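Read-outs: derived from the displayed coordinates by stated rules, not from any lab. Every value quoted in this text rests on a predicted model; they were computed, and no experiment measured them. Neighbour counts are summed over all protein chains in view; Cβ atoms, including those assigned to glycine, are modelled from backbone coordinates with ideal geometry.
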Amino acid sequence: MPIKSYLAHPHTGKKNELIKALSVLHQCEVTPAQNKEVLILVTETENESEEESLKEKIEAIESLKLLAMVSGFNTPQNN
Amino acid sequence: MYTALTNRRSFIKKMALLSAMTAAATMFPGIIFASEQEEGIPNGANLDWKKAPCRFCGVGCGILVGTENGKAIAVKGDPNSAVNKGLLCVKGYHQTMCIQSKDRLTHALVKKNGQYVKTPLNEALDIVANKMKETIQKHGKDAVAMYTSGQSTIPEGYVASKLMKGAIGTNNLDCNARLCMASAVAGFLTTFGADEPMGCYEDIDHADYFITWGNNMAEMHPVLFSRMLEQKSRRGAKIIDFATRTTRSSTASDKSILFEPQTDLAVANAICYEIINNGWVNQSFVEKHCNFSKGLTNMGYGLEDNYKFNDKPQKINFEDYKKFLEDYTPEKVAKYSKVSVKDIKYLAAIYGDPNKKVVSYWCMGMNQHTRGTWINNLVYNIHLLTGKISQPGNGPFSLTGQPSACGTAREVGTFTHKLPKGVVMNEKHRRLAAKIWKVPYERIPAKPTYHATEMFRAVDRGDIKFIWTQVTNPLVSLPKTSRYRPGMEKDSCFVVVSDVFPTPTSDVADVILPASWHIEKSGLYGNSERRTQHWDKMVEGPGETTPDAWMTIEVAKRMGYGDLFPYSEENHVEEIYNEYRQFHEGAKHGMAPLEVLKKESGVIWPYVNGKSTQWRFNAKYDPACSNGEDFHFYGKPDGKAVIWQRPYEPAPESPDAAYPFWLNTGRVIEHWHTGSMTRRIPVLHKAMPSAYIEFHPEDAKALGIKNGENVKVTSRRGSCILPASINERGLPTKGQVFVPFFDENMMINDVTLDAFCPISKEPDYKKCAVKVEKV
């Protein structure tokens with residue numbers, strides 16, 4: 001069950017749009033910086049294939065300029 | 001901002017989030033995640049929010065700590081604090097997490113037959129008091145010493161001073177602020193006759209230029225840097241970074257200017273040369289408000305034990321000073337400072353432009369300097385020559401490193417030469433202290449004894465036979481620990497260490513006392529802008545943990561000084577503060593009453609007629625000005641500040657054929673000083689688990705060193721092995737390496753040099769010569 005965190009960089013002026021787009025994905029938790037054009041994205045998925053599919057969806061978001069992974073964890077299914 | 005961790009997944013999610021926050025903080029100086037704090041609070045939590053200053057740096061951000069059922073559940077920035085306006089840095093967010101560390105010191109430990117034995121606190125305090133008394137009886141009062149901290153609260157510092165100077169009658173009290181702020185103090189006293197900055201953080205909202213002198217504010221004072229960046233973006237204010245190493249601050253600044261270590265002295269003089277040569281002197285300000293002086297030169301570097309130095313100031317005139325500066329033309333200085341003529345002239349033109357407001361900021365780069373007092377004087381010269389001082393947006397501003405380096409170390413005076421008001425050398429000051437302390441005036445010695453470095457040399461020599469350290473970790477933070485660790489291990493000295501966590505210093509203690517952490521006690525701190533802040537105890541500490549002030553009082557009582565310490569355990573903080581306030585009565589340093597401090601998120605002194613004084617020495621803002629002029633530097637008897645003639649002199653040790661690199665040491669955003677707290681906060685430790693040695697890429701290539709490879713760094717004093725870091729956090733200039741000092745497993749201070757400024761006695765951690773080799 002992968003848990004990953006990313007720094008998500010929006011295109012100029014598209015921060016709110018990116019927050020909205022990510023927030024509708026139920027595997028995503030978004031924490032925007034208050035004073036910078038960047039937000040933290042934490043994803044939690046059931047397995048690697050779901051993770052890959054989610055990542056494709058995220059990378060297709062037009063307001064996203066760059067997604068940089070910070071940390072990734074795998075936890076046992078029974079947790 | 002953290003929740004009760006109910007399962008491994010929620011813990012991992014939190015770690016992932018915090019890792020990202022920490023990564024973001026290192027990439028984007030001043031980044032804030034305020035909304036996250038609220039989201040981190042558990043649903044349905046019924047939190048009791050109480051205010052406090054942050055436990056860590058000298059900025060003094062206001063925090064709100066949310067407690068529930070006796071536990072600290074959340075921390076957020078205090079929106080009512082004028083310092084941080086609700087913002088916090090990564091250390092601030094996570095600070096209370098260290099309380100839960102499993103290796104917390106919860107009970108007193110007494111070494112018996114080489115083993116630490118858990119001992120009731122009352123018995124341990126008996127041992128400490130008896131040992132102190134016995135040492136005084138056998139060897140005299142100057143055989144005992146206390147070494148405290150810029151992280152001690154105001155009451156803790158006050159009772160330590162009263163015990164040592166007023167009760168026992170020795171000046172063997174110094175503190176770790178000697179290692180970080182003493183040059184700032186000496187600079188203020190020699191130039192203005194009064195310690196601490198004249199301005200305040202509100203200067204940030206008014207300045208057109210911020211010039212940072214050897215100061216990586218993005219990592220060390222991130223909330224202030226964030227406020228500067230906001231002004232950069234909102235008003236076009238400019239940040240100029242003047243440093244020996246490219247840092248996060250440099251890359252976020254408008255311009256980065258690098259200089260050869262130690263040559264800041266020459267560049268500051270060159271700026272003054274340019275100001276005079278171009279006719280940018282504020283003539284009427286200088287004529288009305290300034291004197292010119294010079295002092296002794298070739299003072300040495302304090303490398304030998306029992307080194308003594310007393311400056312002999314001599315008045316000079318403007319023409320003498322102008323003549324002296326002819327050695328510091330930009331063309332001459334550029335040759336050895338490696339700062340271009342163009343850049344020197346650029347800096348001078350900023351200071352010289354009468355239509356631009358300029359604030360200079362500095363911290364350890366200028367203070368930890370073998371000519372630290374001089375470089376402080378020289379930056380004041382620039383502001384005095386141009387009259388850019390004591391006005392909103394115009395002024396020199398020395399930042400502090402610790403949360404109460406100002407409030408406790410400097411204002412209470414936990415240095416060997418200091419008293420709560422003034423210095424031990426001054427009879428009037430001794431008489432005031434004796435009156436308030438109700439002790440015979442003759443008991444307070446008129447001569448200072450040991451400053452920090454000399455105190456630990458005296459331990460090593462066997463002259464000090466009992467030492468009690470509180471809230472500090474000298475065996476990681478002193479320079480040249482390769483000498484002072486074996487010194488402290490000697491049987492000739494009985495060592496008492498009062499701390500919250502085990503450290504390399506507590507490892508050599510004969511008695512370890514379990515101290516209360518920040519919010520487990522009430523207290524007061526004073527930050528860099530003269531702001532005094534009070535907090536109430538919020539949670540109970542574990543086991544027999546006890547506030548340091550109360551442990552000092554208990555020892556004093558056991559030594560027979562109970563009549564001088566008539567405080568109650570419940571209200572000692574309030575009682576001590578009210579006694580201490582008497583020292584500072586009046587318009588020049590009046591402290592706010594405790595009732596006000598309890599209500600407000602800090603109050604700036606002088607507090608006069610119910611108001612903070614934001615800009616001292618300016619008659620428009622400061623009611624203590626009494627000379628009928630616009631400005632009054634009332635710290636000096638004639639009301640005038642001093643422009644000092646101070647030359648460039650080289651560092652005591654420079655790179656040579658055998659030791660070809662400069663070693664510079666410092667801090668990182670994730671860790672607080674020696675890491676004893678922040679290394680116990682999982683997210684901070686994970687983000688920066690160990691120290692490293694930074695190289696310039698060309699040096700690394702020439703040595704065949706790759707990122708992450710182990711490198712041995714060696715000086716004439718010791719060595720240390722660390723992984724190489726190339727093009728990561730910071731970028732040293734060619735011929736320089738940088739190592740952070742937070743990691744007790746990689747003791748870079750075994751390598752550093754214990755040379756110090758002869759006037760301030762503050763060591764220089766920024767410059768010594770080393771060799772490096774791949775291992």
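Measuring between alpha carbons in the structure, the pairs from B:K111/B:K521; B:K288/B:K308; B:K165/B:K588 lying more than 31 angstrom apart are B:K288/B:K308.
Across the protein assembly as shown, counting alpha-carbon atoms alone, Rg and Dmax equal 26.5, 82 Å. Straight-line cross-link partners of B:K640 among the aspartates and glutamates, defined as a Cα under 20 Å from its Cα and at least 8 positions apart when in the same chain: B:D195, B:E196, B:E287, B:D311, B:E319, B:D320, B:D622, B:E629, B:D630. In plain terms, if you count all Cα to Cα distances in chain B and split them into 20 Å steps from zero, the share in each step is 17, 54, 28, 1 percent. All alpha carbon pair distances within segment B:393-462 were sorted into 5 Å bins beginning at 0; the resulting P(r) in whole percents reads 4, 15, 18, 18, 17, 14, 9, 3, 1, 0, 0. A protection proxy built from the mean count of other Cβ atoms within 10 Å ranks the segments B:528-535, B:689-696, B:379-386, B:166-173, most packed first, as B:528-535, B:379-386, B:166-173, B:689-696.
By the compact-protein rule of thumb, 2.2 N^0.38 Å, the alpha-carbon radius of gyration of segment B:534-656 corresponds to a ratio of 1.57.
Entry note, chain B: the mean residue ellipticity at 222 nm calculated from DSSP H runs of n ≥ 4, each adding -39500 (n - 2.57), is -8500 deg cm²/dmol after division by the residues and rounding to the nearest 500. I'd like the orientation of helix A:48-59 relative to chain A: the angle between its Cα long axis and the longest Cα principal axis, in ° from 0 to 90, rounded to 10. Between helix and principal axis, roughly 10 degrees. Over chain A, dividing the summed -39,500 (n - 2.57) contributions of all DSSP H runs of at least 4 residues by the number of residues returns a 222 nm mean residue ellipticity of -8000 deg cm²/dmol.
Measuring how big segment B:654-714 is from its alpha-carbon positions, Rg and Dmax come out at 14.5, 42 Å.
Does segment B:248-380 classify as rounded, prolate or oblate by the C-alpha gyration tensor (a ≥ b ≥ c root eigenvalues; a/c under 1.5 gives rounded; else a/b over b/c gives prolate, otherwise oblate)? Oblate is the answer for segment B:248-380, as a/c is 1.5 or above yet b/c matches or exceeds a/b.
The ranking of B:I350, B:I721 from fewest to most other beta carbons within 10 Å of each one's beta carbon is B:I721, B:I350. Can you give the translational diffusion coefficient of segment B:438-490 in µm²/s, computed by Stokes-Einstein from the Kirkwood radius over Cα pairs at 4 °C and 1.567 mPa s? The calculation lands on 103 µm²/s.
Amide H contacts under 5 Å for B:K418: B:V424, restricted to partners 5 or more places along the chain or on a different chain, H placed in the peptide plane at 1.01 Å from N.
Fewest Cβ neighbours within 10 Å first, please rank B:F309, B:F242 accordingly.
Values: B:F309 13, B:F242 25.
By the 10 Å Cβ count, ascending, the order reads B:F309, B:F242.
Ranking B:I316, B:I726 by Cβ neighbours within 10 Å, fewest first, what do you get?
Working: B:I316 17, B:I726 20.
Lowest to highest Cβ neighbour count: B:I316, B:I726.
Shape class of segment B:384-434 from the alpha-carbon gyration tensor: oblate, with a/c at 1.5 or above and b/c at least as large as a/b.
Just counting partner chain Cβ atoms within 10 Å, what average do the residues of peptide A:23-33 show around their Cβ?
On the way: counts 0, 0, 0, 0, 0, 0, 5, 0, 9, 4, 11.
Taking the mean over all residues of the peptide, I get 3.
Averaged over its residues, how many other protein chain Cβ atoms are within 10 Å of peptide A:38-44's Cβ atoms? Let's see the in-between values first.
Details: counts 6, 3, 10, 3, 8, 2, 4.
Per residue, the average neighbour count from other chains is 5.
With Cα atoms as the point set, the radius of gyration and Dmax of segment B:643-775 evaluate to 15.5, 50 Å.
Placing +1 on each Lys and Arg Cβ and -1 on each Asp and Glu Cβ, with no other charges, gives segment A:17-76 a dipole about its Cα centre of roughly 340 debye.
For a test of the definition: using alpha carbon positions, the gyration tensor, and the 1.5 limit on a/c, classify segment B:179-286 as rounded, prolate or oblate. Could the numbers behind the result be given before it?
Details: a/c = 1.30, a/b = 1.27, b/c = 1.02.
Because its axes are fairly even, with a/c under 1.5, segment B:179-286 counts as rounded.
Expressed as a whole percent, the proportion of Cα-Cα pairs in segment B:561-606 lying more than 14 Å apart is 57%. Whole angstrom only: what separates the Cα centroid of segment B:681-759 from the Cα centroid of segment B:102-164? Cα centres, segment B:681-759 to segment B:102-164: 34 Å.
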